[in-house]
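Participant: Shown below is the structure under consideration.
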Amino acid sequence: MINQVNQIFLCSFLFLSLFPVSFAQPASHWVSYPSANQTAYGVYHFRKSFELDKVPDKMVIHVSADNRYNLFVNGKRVCYGPAKGDLKTYKYDIIDIAPFLHIGENLLAALVFNGGDDKPMAFISVQTAFMLRVENSNFSELNTNSNWKVYKNPAYRVISYHEMLFKERWFYGFYACGGGDEIFAEKYPWGWETTGFDDSGWIAAEPLLFDKQPPWNLVPRNIAFMDDHLAYPAKIRKVNNVNIPVGKWDGTSSLTIPANTSANILIDFEVLTMGYPELTVHGGAGSRIQVKYAEALYEAVHLKAHRDSVNNLNMFGVWDIFHADGGECMFRPLWKRCFRYVQFNVETKNEPLEIGSYILEYSGYPYPEMATFESDNEKLNEIFEMSQRTLRMCSGETYYDTPFYEQLSYGGDNRPIAAISTYNSTDDRLLREVLRLYPQSENKETGLFKSAYPSRFDFDMGTWSMGWVQTLLDYYLMRGDSAFVLQFTDNIEGVLRFYERHLDERTGLIGVVKNQNFVDWSITKGSLVRRNENGEARQSGLLTLYYAHTLDCVSRLYQETGLTSRSAHWKELSGKIKAAVYTNCWDEQKQLFRDYADKEIFSQHTNIMAILCDLVPPSAQTELLHRILQFESFEEMASSYFSFFLFKAMEKTGNEHLYLDNLDFWYNFIDRGHTTCGETGFASHDRSDCHAWSAHPAYFLLSSVCGIKPADIGFKTVKIEPHLGELKSLKADMPHPTGRIKVEYQLTKKGLQTLIVLPQGMSGSFRFKGAERILTEGENRFIL
């Protein structure tokens with residue numbers, strides 16, 4: 001259904017894109033439940049019946065809610081939202097509901113929920129509220145006001161963070177995806193969203209009045225509605241105390257649990273997935289079904305087993321609970337769930353319970369046709385597929401760091417995610433939205449942004465603010481969209497000036513900063529950059545180089561977009577900083593850079609950044625790269641995330657042929673049964689099975705191995721130089737705004753048999769082992 005709505009939405013989006021206009025704040029039509037605790041957890045149903053003697057060609061509505069809504073028209077769910085944002089740019093959805101109407105009685109119905117204290121950390125909220133407005137004034141009676149009816153659903157109880165995570169401690173770390181749902185079926189107003197339901201006991205909705213403007217500054221949705229295809233379980237892996245066969249099960253055939261039984265049923269979807277699972281049950285009055293979700297099973301607390309293993313292991317995870325009333329019911333959680341494994345922990349009373357079905361409505365960003373990659377190395381193909389799946393799993397209404405634990409959009413995570421996205425999709429709306437939202441969290445005193453945004457975090461993250469700046473350059477180089485990036489000039493300057501103010505005049509390094517400055521997970525110390533007992537980062541060579549790298553990105557961005565004087569200022573400062581790091585941190589004996597001037601601490605990270613910052617001349621950078629790969633006494637090693645910068649250093653030094661030999665993290669993920677890329681690759685930090693910052697093989701396999709790169713700003717022309725390693729055959733293609741770029745390589749006795757297909761109007765060059773060819777639009781065939 002959402003795909004149909006996406007088509008309707010796309011027409012509106014294209015109109016808005018072609019004709020930029022300023023939107024006035026719609027008239028206030030916000031309503032709520034009278035006398036409700038407006039910030040507490042609660043689930044509310046709104047209804048409006050109306051008659052039509054003729055179905056209009058169009059009936060376009062604007063709809064939004066705080067926290068979230070599900071909109072039904074004549075019993076059919078047509079969309080849900082709003083897309084995540086903040087109060088400065090709070091989203092409303094534009095939908096043509098005419099296709100869902102008919103002659104006679106019609107019904108608009110909305111489920112609105114407030115997650116209360118346990119709502120997802122990404123939800124920014126004022127109070128429980130709902131708004132629907134019809135564009136056509138002939139149907140103004142449908143606008144939300146006191147003519148709508150509302151009901152507070154007593155069937156729901158929140159399962160709090162504390163209950164899910166601390167009563168049964170099963171991992172160490174942060175969780176931010178919201179509470180679980182407990183539903184008592186006998187209290188639920190079944191059929192409330194359909195015509196014919198008796199709502200005579202419901203009360204009038206209360207219009208919300210404001211002294212000035214409503215607190216939600218409404219703007220139209222600027223990303224697609226989520227994909228909503230159905231996904232099915234693969235098999236039942238384990239059962240306990242019930243006669244249900246283990247083996248294939250697609251969730252559409254019924255399972256029966258006898259009366260007075262306590263049983264466990266473990267379901268395996270075989271790949272990590274996410275969305276809205278729907279459980280249908282029949283009978284079983286008084287039965288209790290706990291539905292538990294997990295990425296993997298555990299050997300012990302915080303110790304996951306091989307992802308395919310289930311025997312003699314613990315099922316830990318978050319959960320929902322449904323209490324059956326003996327009728328035919330369907331349970332669907334209020335917010336999306338992420339899982340590979342689902343376990344039903346069922347307790348029946350005096351009658352048997354039939355589980356009629358269990359299917360998933362997948363919910364993720366609907367990327368159009370993505371890139372493809374197929375080589376004669378099957379595991380490498382699996383790495384590419386795993387990485388693409390990770391991108392999809394970590395793309396919703398924003399990017400996610402992890403769909404299971406947080407669903408937050410972090411400024412630093414988004415740099416590799418942006419690279420993956422621009423090589424796998426030409427739909428840049430989601431990328432532009434996360435880049436646009438992030439500086440709206442700016443701390444006016446520091447000029448820095450929150451660690452993740454949208455979020456309710458109350459602290460700055462300096463490095464991730466710089467990561468956002470770096471991503472702007474990457475986006476500009478790929479798309480040439482100067483108007484988009486230059487709107488953030490003041491925000492960029494604020495970030496850079498913060499660290500400029502904190503440079504130590506004596507050493508030239510960043511002196512003392514107390515804000516958060518995460519760069520990567522540490523193998524032993526928690527995180528990098530390290531802070532002392534007072535929470536201070538002092539004289540960090542790594543942080544200083546991360547700043548210098550950001551200055552270089554800004555200097556190039558400004559130079560290419562005409563801000564030459566600003567470019568020169570930051571380029572000059574970058575040069576002084578690099579000289580200071582070299583003077584203070586270069587170890588002549590080890591031929592490596594220390595993390596600190598006065599401490600014998602060495603990391604891959606600082607030396608990777610030294611290459612990216614040209615701390616040694618280009619002629620010496622390959623030698624430094626080899627030391628980074630071979631030195632055995634580093635205190636800190638680059639994780640699967642920071643390997644993005646390692647691989648960028650290979651690219652910079654002309655050593656992309658080393659890439660295929662340095663994918664141990666990803667081969668280990670596969671060997672451990674992952675279907676998505678894990679958080680770090682380190683056994684010491686094995687929290688998330690799905691972390692988008694680790695999915696960059698879906699970028700580098702195309703850019704470095706296939707060798708596809710933009711030859712100019714905006715990717716109007718292409719340069720292709722493959723680095724095949726031991727591969728004998730490879731074919732791939734990737735989306736481009738003008739079409740698709742396709743490559744095929746076959747190593748034969750005569751040489752490299754090559755096919756390059758370029759979109760209409762594109763030209764470029766091909767290089768392999770010193771030989772070159774000019775490329776033109778269409779097919780290019782040759783042997784080198």
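The values are calculated or read from the model by the stated rules, or taken from the named source; none is laboratory data. Here the structure is a predicted model, which is why all the values come from computation and not from measurement. In this analysis, Cβ positions are derived from the backbone assuming ideal geometry, glycine residues included, and neighbour counts consider all displayed protein chains.
Participant: Any idea how many residues of segment 732-784 are in contact with a Ser or Thr (Cβ under 8 Å, 6 or more places away or on another chain), part of a strand (DSSP E or B) and of a type in the set (D, E, K, R)?
Facilitator: Selection size over segment 732-784: 5.
Participant: Can you tell me which residues in segment 413-446 are aromatic (Phe, Trp, Tyr) and over 30 Å from Lys514 (Cβ atoms)?
Facilitator: Tyr423
Participant: Return yes when Met274 is surrounded by fewer than 20 Cβ atoms within 10 Å (Cβ to Cβ), part of a strand (DSSP E or B) and either among the charged types (D, E, K, R) or in the same structural domain as Lys349 (by TED's automatic domain parsing) (or both) and no when it is not.
Facilitator: No: the conditions fail for Met274.
The rows are residues; the columns are (1) out of contact with any Phe, Trp or Tyr (no Cβ under 6 Å at 6 or more places or on another chain); (2) of a type in the set (A, V, I, L, M).
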residue: Ile159; (1), (2): yes, yes
residue: Gly173; (1), (2): yes, no
residue: Gly178; (1), (2): no, no
residue: Pro207; (1), (2): yes, no
residue: Ile223; (1), (2): yes, yes
residue: Val239; (1), (2): yes, yes
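Participant: What is the number of the single condition among (1) in contact with a strand residue (DSSP E or B) (Cβ under 6 Å, 6 or more places away or on another chain); (2) among the small types (Gly, Ala, Ser); (3) more than 21 Å from Asn241 (Cβ to Cβ) that Ala324 does not meet?
Facilitator: Tallying (1) in contact with a strand residue (DSSP E or B) (Cβ under 6 Å, 6 or more places away or on another chain); (2) among the small types (Gly, Ala, Ser); (3) more than 21 Å from Asn241 (Cβ to Cβ), Ala324 fails exactly one: (3).
Participant: When you look at Ala610, is it assigned to a helix (DSSP H, G or I), surrounded by fewer than 20 Cβ atoms within 10 Å (Cβ to Cβ) and either modelled with pLDDT of 95 or more or not assigned by TED's automatic domain parsing to the domain that holds Tyr547 (or both), yes or no?
Facilitator: When the stated conditions are applied, Ala610 does not pass them.
Participant: Restricting the search to segment 150-160, which residues are assigned to a loop (DSSP other than H, G, I, E, B) and over 24 Å from the mean Cα position of the chain (by Cα)?
Facilitator: If the condition is that a residue be assigned to a loop (DSSP other than H, G, I, E, B) and over 24 Å from the mean Cα position of the chain (by Cα), then Asn153, Pro154, Ala155 are the ones that fit.
Participant: Shifting gears a bit: Could you check, for segment 161-184, whether at least one of its residues is aliphatic (A, V, I, L, M), assigned to a helix (DSSP H, G or I) and within 22 Å of Gly326 (Cβ to Cβ)?
Facilitator: no
Participant: To continue, here is another question. Of the residues in segment 626-683, how many are over 26 Å from the mean Cα position of the chain (by Cα), free of Cβ contacts under 8 Å to residues at least 40 places away in the same chain and part of a helix (DSSP H, G or I)?
Facilitator: 6
Participant: Additional query: Could you please find all residues in segment 451-477 being in contact with a strand residue (DSSP E or B) (Cβ under 9 Å, 6 or more places away or on another chain), surrounded by fewer than 21 Cβ atoms within 10 Å (Cβ to Cβ) and part of a helix (DSSP H, G or I)?
Facilitator: Within segment 451-477, just Leu477 meets the criteria.
Participant: Moving on to the next point. Quick check on segment 87-103. Is at least one of its residues on the phi > 0 side of the Ramachandran plot and either surrounded by 22 or more Cβ atoms within 10 Å (Cβ to Cβ) or modelled with pLDDT of 95 or more (or both)?
Facilitator: No - not one qualifying residue is present in segment 87-103.
Participant: Taking the condition of a type in the set (Asp, Glu) and closer than 30 Å to Tyr161 by Cβ, does Asp228 pass?
Facilitator: When the stated conditions are applied, Asp228 passes them.
Participant: Report yes if some residue within segment 668-685 is among the polar types (S, T, N, Q), within 30 Å of Ala294 (Cα to Cα), modelled with pLDDT under 95 and out of contact with any strand residue (DSSP E or B) (no Cβ under 8 Å at 6 or more places or on another chain); otherwise report no.
Facilitator: Yes, that holds for at least one residue.
Participant: Still on this structure: Please state which one of Phe316, Phe339, Phe344 is in contact with a strand residue (DSSP E or B) (Cβ under 6 Å, 6 or more places away or on another chain), hydrophobic (A, V, I, L, M, F, W, C), in a strand (DSSP E or B) and under 19 Å from Cys177 (Cβ atoms).
Facilitator: Phe339
Participant: Now, a different point. Among all residue pairs at least 6 apart or on different chains, which show Cβ distances below 7 Å where the first residue, located in segment 532-547, is more than 13 Å from Thr606 (Cβ to Cβ) and in the same structural domain as Phe518 (by TED's automatic domain parsing) and the second is in a helix (DSSP H, G or I) and at pLDDT 95 or above?
Facilitator: Here the result reads Ala537/Leu543, each pair linking segment 532-547 to a residue that is in a helix (DSSP H, G or I) and at pLDDT 95 or above.
Participant: Scan segment 359-380 and tell me whether some residue there is at pLDDT 95 or above, over 27 Å from the mean Cα position of the chain (by Cα) and under 18 Å from Arg77 (Cβ atoms).
Facilitator: Within segment 359-380 (the criterion being at pLDDT 95 or above, over 27 Å from the mean Cα position of the chain (by Cα) and under 18 Å from Arg77 (Cβ atoms)), the answer is no, since none of the residues qualifies.
Participant: Please determine whether any residue of segment 522-532 is surrounded by 18 or more Cβ atoms within 10 Å (Cβ to Cβ), closer than 30 Å to His685 by Cβ and of a type in the set (Ser, Thr, Tyr).
Facilitator: yes
Participant: Considering (1) farther than 27 Å from Leu646 by Cβ; (2) exposed (fewer than 14 other Cβ atoms within 10 Å of the Cβ); (3) within 25 Å of the chain's Cα centre (by Cα), say which one Phe484 fails and leave the rest.
Facilitator: That leaves (2) as the condition not met.
Participant: Right, here's the next one. Scanning segment 191-211 for residues that are at pLDDT 95 or above and among the charged types (D, E, K, R), which turns out nearest to the chain's Cα centre (by Cα)?
Facilitator: Glu193
Participant: What do you reckon, is Leu448 assigned to a loop (DSSP other than H, G, I, E, B), crowded, with 21+ Cβ neighbours inside 10 Å and within 12 Å of the chain's Cα centre (by Cα)?
Facilitator: For Leu448, the condition - assigned to a loop (DSSP other than H, G, I, E, B), crowded, with 21+ Cβ neighbours inside 10 Å and within 12 Å of the chain's Cα centre (by Cα) - is not met.
Participant: Let me ask something else about it. Evaluate segment 721-730: report whether one residue or more is outside any strand (DSSP E or B) and of a type in the set (A, V, I, L, M).
Facilitator: yes
Participant: If Asp250 meets every condition in (1) among the charged types (D, E, K, R); (2) in the same structural domain as Met330 (by TED's automatic domain parsing); (3) assigned to a loop (DSSP other than H, G, I, E, B); (4) crowded, with 21+ Cβ neighbours inside 10 Å apart from one, which number is that one?
Facilitator: Of the numbered conditions (1) among the charged types (D, E, K, R); (2) in the same structural domain as Met330 (by TED's automatic domain parsing); (3) assigned to a loop (DSSP other than H, G, I, E, B); (4) crowded, with 21+ Cβ neighbours inside 10 Å, the odd one out for Asp250 is (4).
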